[in-house]
Amino acid sequence: MEFKKLTYADLVKATNRFSLVNLVGSGKYGSVYKGRIESEEHHTFAIKVFKLDQIGAKKSFHVECEALRNTRHRNLVRVITVCSTSDPTGHVFKALVLEYMVNGDLESWLYPTLIQEHHPKRLLCMGSRIAIAVDIAAALDYLHNQCMPPMVHCDLKPSNVLLDDDMGACVGDFGLAKFLHGCYSSSGIHGSTSTSLAGPRGSVGYIAPEYGFGSKISTEGDVYSYGVIILEILTGKRPTDEMFEDGQSLYKFVEDSFPEKICEILDPRINIPYYGNRDEEGGSSSEQENHEMAAGMMS
């Protein structure tokens, strides 16, 4: 659809002056608000306001604009429009207006808390978790193998995986994304960029080990992060969990139990069914079915 240009005043009105009531998430470079724009057909949007007092925020805005301008896929969060202007005090203001994902991010589903006193977060069964993993894989396949030039997300983690009203997963937050210019061929094999990393690129627990040694950015770095997410989806444990110390890690935790003791390390909440649109025919899985599906995903 064609979306009109929005002013600072439009976004102030849409978010009730960037009220904390409408704040749905906050990161290093920006805060995301739920906003209603009455003049538009779908009304509700996610409005990401960049914290321009943070070093790197302005660059993150431009990188995200470039990434979203060159991509379009059902498993990527869709950008509606941008707002680059000044606020009434003369300070630079930059924001992205994005598709609103009603079910929030994957992290909040893996580690549920009470949203309201009488409305606890529903839990994900095995079928839902596999469907989400497939959606993330489809997004990465598009970024790595169908985009020209290929793109590396560089910050893949559960909080950057958003879920729509049908629990379909969409990858978002492209503030650290990198195009691999000149690094693709007809064979579809992608190399890395021509420059090395200037410090770690990503989030602790999800960064590929080779990045810590100054390796160049590559699609393999995203694949590593995806592998960590798969293990996290199945075990319900963060890679930064305090239990992982003295040489222990999420990967080793799973490896030591694979394949005979997988059921002992699966997230115990997996057996609780999720009654969403995607699982109307499935229901909950038996322990043996969970074991077989988990083994297949981990192998």
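All of the numbers you see were taken from the coordinates with simple rules; none came from a lab. The model shown is predicted, which means the values in this text are computed figures rather than measured ones. Here Cβ is always computed from backbone atoms with ideal geometry, including for glycine, and neighbour counts include all displayed protein chains.
Can you compute 3J(HN,Hα) from phi for each residue in the range 127-142, using the Karplus curve 6.51 cos²θ - 1.76 cosθ + 1.60 with θ = phi - 60°, rounded to whole Hz and x for Gly and Pro?
x, 5, 5, 5, 4, 5, 4, 5, 5, 5, 4, 5, 5, 5, 4, 5
Which ³J(HN,Hα) values, rounded to whole Hz and listed in residue order, are derived for the range 59-75 from phi using the Karplus coefficients 6.51, -1.76 and 1.60 in 6.51 cos²θ - 1.76 cosθ + 1.60 with θ = phi - 60°, glycine and proline given as x?
5, 4, 4, 5, 5, 5, 4, 5, 5, 6, 5, 9, 10, 7, 7, 5, 9
Wrap a convex hull around the Cα atoms of the range 1-92, take a quarter of its surface area, and give that in square nanometres.
On the way: hull surface 25.9 nm².
Quarter of the Cα hull surface area: 6.5 nm².
Sorted from fewest to most neighbouring beta carbons within 10 Å, what does the list CYS154, CYS83 look like?
The fewest-first ordering by Cβ neighbours comes to CYS83, CYS154.
Kindly write out, for the range 47-55 in residue order, the coupling ³J(HN,Hα) from the Karplus curve 6.51 cos²θ - 1.76 cosθ + 1.60 (θ = phi - 60°), rounded to whole Hz, with x marking Gly and Pro.
With the stated coefficients, the range 47-55 comes to 10, 9, 9, 7, 8, 6, 7, 8, 4 Hz.
Taking H as built 1.01 Å from N, whose amide H comes closer than 5 Å to the amide H of LEU76, not counting residues under 5 places away?
VAL171
For GLY25, list long-range residues whose amide hydrogen, built 1.01 Å from N in the peptide plane, is under 5 Å from its own amide hydrogen.
It is VAL32, by chain and number.
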